[in-house]
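The values are calculated or read from the model by the stated rules, or taken from the named source; none is laboratory data. Because the structure is predicted, anything quoted here is derived from the model rather than measured. Because the Cβ atoms are built from the backbone with ideal geometry, glycine has one as well, and the counts that use them run over all protein chains shown. Accessible surface areas use protein heavy atoms only, side chains included; no ligands, DNA or RNA. Shrake-Rupley method; radii C 1.70, N 1.55, O 1.52, S 1.80 Å.
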Amino acid sequence: MIVVFGSINVDFVTRVRRLPSEGETVTGGEYALLPGGKGANQALAARKAGAAVALVGALGADAFAEPALANLRANGVDLSGVRRVAAPTGAAFIAVDAAGRNQIVVAAGANGHARAVDLDRLSAKPSCLLLQREVPDAETHAALDWARARGVHAILNAAPSSGCPAAFLRLAGTVIANSHEIADIGGMPHSSAEAISRAYGCAVVSTLGADGALHADGTRIVRVAAPAVRVVDTTGAGDTFCGAFAAALDAGADTRTALAFACTAGSLACEAAGAQTAMPSRAAIEARLSA
Ligand code: RIB
């Protein structure tokens, strides 16, 4: 089983012709209210990719709480580790332009009350703990300690934001980061996934968008290409990659196979609008891989 410790949001999504610059207002059409949050998204992606998944996080007791969980519940994600708190459910305000690029502002709300101690409520020891950086750093640190103490492989997605703490890198088994996050991970400039892997002793997956992904573990580099897709919306593509990568490892795949599976999943997630609404099933990922 994979356990995801992370954020749960509702996403308010508006399509715009182009993204605003600083101080600028741009006008879109209607908005969509969709389930999101990097933790919830990665949990759903792993589940749709075939893994048994539990999510640990925090939600408000407001009208957005149930819509935020609906997809997870319908797909059989274990939600017994989600606590209800007296704060608004997390929300993200997302603009998507004509090329599928986005700008996202997150109001953390209840995610600020996510607690690593809730990992102790799990009935079984997971094979993998999957984390991101949308809950308090102190709790992410505690969750990484929890995994280390139990010999659980921790996969840390460095998103969002830059400057992932060095202590996190020393505790994680695998770190997944895009090129912006790679650049100043650990609070200092780094040139490559390989350099980070050597400096901190973790495996590093660098996601390269349309150019695929690479995996460095201090001894070798594995690189895979991404399939060509028609991009509608890139929101949640990174989350889909992380969830699918964890699911493939959980199922016993080797590094190259897991990387190719995750790249294909993340690419397919760009072909439809929304984060969770665009996530492919395991069958769809396998069909594209063998096409
Ligand atoms: O990675 C995409 C996600 O980032 C969105 O679903 C939004 O909620 C933010 O957390």
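Just a few scattered comments:
- Most positive-pole-ward Cα, Ala158, Ala262, Ser179, against dipole of segment 136-291 from beta carbon charges: Ala262
- Apportionment of accessible area to carbon and sulfur, the chain, percent (1.4 Å): 53 percent
- Here the 3J(HN,Hα) profile of segment 134-142, calculated from phi with Karplus coefficients 6.51, -1.76 and 1.60 at θ = phi - 60°, is 10, 10, x, 3, 4, 6, 4, 4, 5 Hz, Gly and Pro shown as x.
- Cβ charges +1 (Lys, Arg) and -1 (Asp, Glu), total dipole of the chain, debye: 520 debye
- Computed across the chain, the Kirkwood hydrodynamic radius from all distinct Cα-Cα pairs reaches 18.7 Å.
- Ellipticity estimate at 222 nm from DSSP helix runs (n ≥ 4, -39,500 (n - 2.57)) divided over the chain, nearest 500: -9000 deg cm²/dmol
- Under a model in which nothing but the beta-carbon of Lys, Arg (+1) and Asp, Glu (-1) is charged, segment 1-125 shows a dipole of about 360 debye around its Cα centre.
- Once the 1.4 Å probe is applied to the protein heavy atoms, the chain comes out at 41 Å² accessible per residue.
- When +1 charges are put on Lys and Arg Cβ atoms and -1 charges on Asp and Glu Cβ atoms, the dipole computed for segment 65-198 relative to its Cα centre reaches about 340 debye.
- Per-peptide average of other Cβ atoms within 10 Å, ordering 1-10, 252-261, 81-90, 23-32 highest first: 1-10, 81-90, 252-261, 23-32
- Cβ-based net charge around Gly218, under 9 Å, with every Lys or Arg adding one and every Asp or Glu removing one: 0
- Spacing of the modelled spin labels on Ala291 and Arg148, each 7 Å from Cα toward Cβ, amounts to 4.3 nm.
- Treating each Cα of segment 1-110 as an identical point scatterer and summing with the Debye formula, the log10 of I(q)/I(0) at q = 0.14, 0.15 Å⁻¹ comes to -0.58, -0.66.
- Spatial separation of Cα centroids for segment 233-276 and segment 59-134, in angstrom: 18 Å
- Total formal charge among the other residues, if their Cβ is under 15 angstrom from that of Asp145, Lys/Arg +1 and Asp/Glu -1: 0
- Extension reserve of the Ile221-Val16 stretch, reckoned as 0.36 nm per residue once the Cα distance is removed: 69.9 nm
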